[in-house]
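Below is one structure, written out as structure tokens; comments come after it.
The values are calculated or read from the model by the stated rules, or taken from the named source; none is laboratory data. The structure presented is a predicted model; accordingly, all values stated were derived computationally and were not measured. Using ideal geometry, Cβ is built from the backbone for each residue, glycine included, and neighbour counts are taken over all protein chains shown.
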Amino acid sequence: MPRLFAAGALRLLAIMLTASFLAAVLLRAAPGFSSDPRELNASLSSQSIQAIRQEHLADSNIARFYAHYLGSLLHGDLGRSQSLNQPVNTLLRDRLPITLRSLGIALLVGWIAGLALAVGATTLAPRLLAPVSEGFSGVFISTPAAALALIFVLLRLPPAAAAALLVFPKVYRYSRNLLDRSYELPHVLTAHAKGTGRWRILVWHVAPTAWPQLIALLGVSVSIAIGVLLPVEVICDVPGVGQLAWQAAQSRDLPLLVNLTVIVTFLTVCATTLSDAAHRGFVRSAA
């Protein structure tokens, strides 16, 4: 177990370092990196414009910037945002809890709705709920996150609910297919032939088979929720990480974008790693 934990920690560290470095390289290689909207201000003096350009020149050497970033990171310093002129630590302390709270709500509501409809469509009333659930999930799985977020802005609904509606169809469709396959297993068919009640079949025969794979889906759903939550925060004007990333991208704020990439990568890889470990644990215990 300690060896597996150490291997997972090293894998997480390697992925985070690679992701942050690639983010810095891609941003530096993007057209217009050296330009700054502040230079369009006619009231600025030539000295002020030159100072703004010097800020970007300091980050032009990616190797030097990344080495300095890693050195500061070891001392707990995430740098300073160029566009907002604040320490990145302060910005993340204010914005990250908002995004994590919305992420938790989106996952909880999306999973409850997805599992409830999947169980209803396969166990309770397949003829009634299956068409309704398929149509409901089909609408939201084909709806862009930006379009749904705009609707929620106009209706003044909570943005986290928009992210939940985008997570729900993926959970529902995977759970529905998994339950359909589980009900076709020989021991489940045998229990059904013996007259066992549908709830007993679900709890004692279907759930133990489907549960490990649903645990694996949980890690994937975290990355799905993050992917839909960030644009929702931008459009709904939620002061979270998504809005912060949009502001940093507009102003080509390299220190802020690199740190945001590290955080998103950390959340995604941790969720996937933990769900994989839980899945292996269930499989081994069942064997």
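Tabulated values for the structure
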{"quantity": "Close pairs from the stretch 147-174: first touching a residue at least 60 places away in the same chain (Cβ under 8 Å) and closer than 10 Å to residue 225 by Cα, partner of a type in the set (Ser, Thr, Tyr) and surrounded by fewer than 24 Cβ atoms within 10 Å (Cβ to Cβ), Cβ under 7 Å, at least 6 apart", "calculated": "167/221"}
{"quantity": "Selected residue [crowded, with 17+ Cβ neighbours inside 10 Å, free of Cβ contacts under 8 Å to residues at least 24 places away in the same chain and over 20 Å from the mean Cα position of the chain (by Cα)] from 245, 191, 210", "calculated": "191"}
{"quantity": "Residue ID - modelled with the highest pLDDT, chosen from residues in the stretch 55-77 that are part of a helix (DSSP H, G or I) and more than 19 Å from residue 18 (Cα to Cα)", "calculated": "55"}
{"quantity": "Failed condition for residue 147, given (1) under 30 Å from residue 94 (Cβ atoms); (2) of a type in the set (Gly, Ala, Ser); (3) within 16 Å of the chain's Cα centre (by Cα)", "calculated": "(3)"}
{"quantity": "Among (1) at pLDDT 90 or above; (2) in contact with a strand residue (DSSP E or B) (Cβ under 7 Å, 6 or more places away or on another chain) - the single one residue 80 does not satisfy", "calculated": "(1)"}
